[in-house]
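Engineer: Supplied in structure tokens, the structure appears directly below.
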Amino acid sequence: MAQKDITTWRNKPFLASIVLFLLLAIVLLPYYRFQINPDGISYISIAQKYVSGDLRNALNGYWSPMLSWLLTPFIFLGVPPTLAPKLLSILIGFFTLFQFQKIVYRLQFTPILAYASLLTSTIVIMFFALILITPDLLFVSLSLWYLHQVSDPKSKPIKIGIIGALLYYARSFGLPFFLAHFSVTTIIFALKGHPKKPIKTILKNYALTMVTFLVLISFWVISISKKYDHFTIGNSGHYNFTLISPESKGHLVHYVGFIPPPNHTAISAWEDISYVKTSSWEMFSSGQSIFFYAKIIVDNIFLAIDFLFHSSVLAIPILLLSLHFIYKKREHPKFAVISLFLVTIGILTMGYAMIYMEYRYIWLNTLIITLLGFLLLKEYFQ
């Protein structure tokens with residue numbers, strides 16, 4: 001009977017959030033159906049190449065492939081190109097909400113906190129789904145899945161490695177993010193989170209996860225490296241890094257003039273800007289360059305803080321309270337999971353602060369702040 005009550009408690013907030021999500025989708029989709037952005041055009045064009053069998057030109061080192069792969073069935077079935085990404089984003093939003101709900105249940109929120117956190121996140125996720133055609137919501141969804149799995153002592157190393165590979169296929173940033181994050185969280189949970197395990201078992205699981213991850217991403221890394229005649233995990237990072245160089249004038253398309261498309265079926269040069277030569281920048285070549293780069297990192301960190309503040313005025317207080325919590329309550333059962341959330345925010349923010357910062361890159365932080373806020377309410381008032 002107790003188990004049935006728990007199941008009912010778990011389902012009701014999630015069902016309420018699903019109803020709200022579907023209502024928002026029905027009401028808002030007509031207003032956002034024709035929203036388009038340059039990145040979205042490229043993802044759609046690449047998906048059309050997969051459908052037409054133009055696999056060589058579909059292979060693209062600038063745009064990560066997973067969003068285009070997921071768009072391919074919609075394009076194949078004849079869904080209008082402007083509608084297909086929105087329908088896909090709504091499906092990804094539903095998966096994101098499902099993963100968010102699993103973490104809420106893992107954190108053992110009370111019913112009222114479960115309702116509040118899920119209904120709040122539903123509105124945020126729908127905003128992410130409709131505002132832009134971008135793989136960033138896909139990255140958020142997979143990240144929540146990964147966080148749920150990595151915090152579970154029963155998770156299989158191979159499964160975590162597979163999710164890590166999917167993070168890379170969603171965004172090339174997923175590779176350094178997963179390598180750094182899984183390494184740090186392995187240490188955290190080995191010391192504070194999971195039941196004590198022999199160091200040999202911990203190292204074995206870590207190695208198995210990393211081998212799975214590296215094997216699965218190697219197919220794409222080898223393919224794009226061969227196409228561009230140099231080793232690369234993705235070309236977007238290099239391009240974004242040139243945007244912050246001292247000589248940068250902004251995006252190439254704004255000042256270079258007409259740029260030829262990269263192939264005969266491309267809609268514009270933006271479909272693969274990798275072929276346009278950009279000047280390299282050595283940020284450690286001189287003291288002035290080091291100072292310039294350090295200032296950029298600091299500015300990007302403050303920009304990320306500003307993004308969080310505008311998403312919620314409570315974001316900064318929640319972060320400060322979370323830091324206070326893990327400092328004062330190191331033996332608390334929730335020490336590991338709060339540390340995991342803070343490490344995620346730190347790695348995600350610093351990773352993009354070192355290259356280029358936009359709000360959509362750190363959407364994940366908004367949902368983690370939501371989880372932290374309600375978790376702190378639960379712990380401080382329990």
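Engineer: When only residues in region 230-264 that are open to solvent by 80 Å² or more (accessible area, probe 1.4 Å) and over 14 Å from Lys277 (Cβ atoms) count, which is modelled with the highest pLDDT?
Structural biologist: The qualifying residue modelled with the highest pLDDT is Phe231.
Engineer: Give me the residue from region 347-358 that is open to solvent by 30 Å² or more (accessible area, probe 1.4 Å) and modelled with pLDDT of 95 or more and, out of that set, farthest from the chain's Cα centre (by Cα).
Structural biologist: Only one residue fits best here, namely Met350.
Engineer: Here's something else I'd like to know. Collect the residues in region 255-272 that are over 18 Å from Ser236 (Cα atoms) and among the hydroxyl-bearing types (Ser, Thr, Tyr), keeping them in residue-number order.
Structural biologist: Tyr255, Thr265
Engineer: I need a count of the residues in region 17-58 that are free of Cβ contacts under 8 Å to residues at least 24 places away in the same chain, hydrophobic (A, V, I, L, M, F, W, C) and farther than 28 Å from His251 by Cβ.
Structural biologist: 6
Engineer: Report, by residue number, each residue of region 37-62 that is among the aromatic types (Phe, Trp, Tyr) and either touching a His at 6+ places or on another chain (Cβ under 8 Å) or at pLDDT below 95 (or both). Before you say what the answer is, go through the steps one by one.
Structural biologist: Keep residues of region 37-62 that are among the aromatic types (Phe, Trp, Tyr), which gives 43, 50, 62.
If the condition is that a residue be among the aromatic types (Phe, Trp, Tyr) and either touching a His at 6+ places or on another chain (Cβ under 8 Å) or at pLDDT below 95 (or both), then Tyr62 is the only one that fits.
Engineer: Okay, moving on. Which members of region 83-136 meet the condition of being within 23 Å of Glu358 (Cα to Cα) and basic (Lys, Arg)?
Structural biologist: Lys86
Engineer: Please go through region 163-187 and give me each residue that is under 12 Å from Trp220 (Cβ atoms), among the aliphatic types (A, V, I, L, M) and open to solvent by 20 Å² or more (accessible area, probe 1.4 Å), ordered by number.
Structural biologist: Residues of region 163-187 that are under 12 Å from Trp220 (Cβ atoms), as a first pass: 165-166, 168-170, 172, 174-175.
Okay, now just the ones that are also among the aliphatic types (A, V, I, L, M), so 165-166, 170, 175.
Those that are under 12 Å from Trp220 (Cβ atoms), among the aliphatic types (A, V, I, L, M) and open to solvent by 20 Å² or more (accessible area, probe 1.4 Å): Leu166, Leu175.
Engineer: Sticking with this structure for a sec: Taking helices (runs of 4 or more DSSP H) that do not extend beyond region 156-257, which have at least 2 residues that are under 20 Å from the mean Cα position of the chain (by Cα) and within 30 Å of Lys334 (Cα to Cα)?
Structural biologist: Details: elements: 157-170, 174-188, 199-228, 236-243.
It comes to 157-170, 174-188, 199-228.
Engineer: Another question, if that's okay. Listed residues Ser143, Ser121, Ser155; which is among the polar types (S, T, N, Q), touching a Ser or Thr at 6+ places or on another chain (Cβ under 9 Å) and within 25 Å of Leu214 (Cα to Cα)? Show your work before the answer.
Structural biologist: Numbers: Ser121 fails: within 25 Å of Leu214 (Cα to Cα); Ser155 fails: touching a Ser or Thr at 6+ places or on another chain (Cβ under 9 Å).
Residue meeting the stated conditions: Ser143.
Engineer: Right, another one. Only one residue in Phe291, Phe307, Phe302 is assigned to a helix (DSSP H, G or I), without any contact (Cβ under 8 Å) to a residue 60 or more places away in the chain and surrounded by 15 or more Cβ atoms within 10 Å (Cβ to Cβ). Which one? Spell out the reasoning first.
Structural biologist: Numbers: Phe291 fails: surrounded by 15 or more Cβ atoms within 10 Å (Cβ to Cβ); Phe302 fails: surrounded by 15 or more Cβ atoms within 10 Å (Cβ to Cβ).
Being assigned to a helix (DSSP H, G or I), without any contact (Cβ under 8 Å) to a residue 60 or more places away in the chain and surrounded by 15 or more Cβ atoms within 10 Å (Cβ to Cβ) holds for just one of Phe291, Phe307, Phe302, which is Phe307.
Engineer: Assess whether Gly234 counts as being touching a residue at least 40 places away in the same chain (Cβ under 8 Å) and at positive phi. Full working, then the answer.
Structural biologist: Numbers: touching a residue at least 40 places away in the same chain (Cβ under 8 Å): yes; at positive phi: yes.
So Gly234 passes the test.
Engineer: Now for a separate question. Any chance you could count how many residues in region 325-342 are touching a residue at least 12 places away in the same chain (Cβ under 8 Å), of a type in the set (Phe, Trp, Tyr) and more than 22 Å from Leu142 (Cβ to Cβ)?
Structural biologist: Here is the first cut: in region 325-342, the residues touching a residue at least 12 places away in the same chain (Cβ under 8 Å) are 325-326, 330, 332, 334-342.
Narrowing further to those that are of a type in the set (Phe, Trp, Tyr): 325, 335, 341.
Pick out the ones that are also more than 22 Å from Leu142 (Cβ to Cβ) and you get 325, 335.
Number satisfying all stated conditions: 2.
Engineer: Please count how many residues of region 115-133 are open to solvent by 10 Å² or more (accessible area, probe 1.4 Å) and either assigned to a loop (DSSP other than H, G, I, E, B) or of a type outside the set (Val, Ile, Thr) (or both).
Structural biologist: 5
Engineer: Something else about it: How many of the residues in region 352-367 are within 25 Å of Leu97 (Cβ to Cβ) and either touching a residue at least 60 places away in the same chain (Cβ under 8 Å) or in a loop (DSSP other than H, G, I, E, B) (or both)?
Structural biologist: Here the count works out to 9.
Engineer: Given (1) more than 22 Å from the chain's Cα centre (by Cα); (2) touching a residue at least 60 places away in the same chain (Cβ under 8 Å); (3) outside any loop (DSSP other than H, G, I, E, B), where does Phe109 come up short, assuming only one miss?
Structural biologist: With (1) more than 22 Å from the chain's Cα centre (by Cα); (2) touching a residue at least 60 places away in the same chain (Cβ under 8 Å); (3) outside any loop (DSSP other than H, G, I, E, B) applied to Phe109, the lone miss is (3).
Engineer: Only one of Ile273, Ile345, Ile297, Ile318 is in contact with a Gly (Cβ under 9 Å, 6 or more places away or on another chain) and either touching a residue at least 12 places away in the same chain (Cβ under 8 Å) or not in a helix (DSSP H, G or I) (or both); which? So that I can check it myself, show each step before the final result.
Structural biologist: Working: Ile273 fails: in contact with a Gly (Cβ under 9 Å, 6 or more places away or on another chain); Ile345 fails: in contact with a Gly (Cβ under 9 Å, 6 or more places away or on another chain); Ile297 fails: in contact with a Gly (Cβ under 9 Å, 6 or more places away or on another chain).
The conditions single out Ile318.
The values are calculated or read from the model by the stated rules, or taken from the named source; none is laboratory data. Nothing here was measured: the structure is a model prediction, and the numbers come from that model. All Cβ positions, even for glycine, are placed from backbone atoms using ideal geometry, and neighbour counts span all protein chains on display. To get the accessible areas, we keep the full protein, side chains included, count just its heavy atoms, and leave off ligands, DNA and RNA. Shrake-Rupley method; radii C 1.70, N 1.55, O 1.52, S 1.80 Å.
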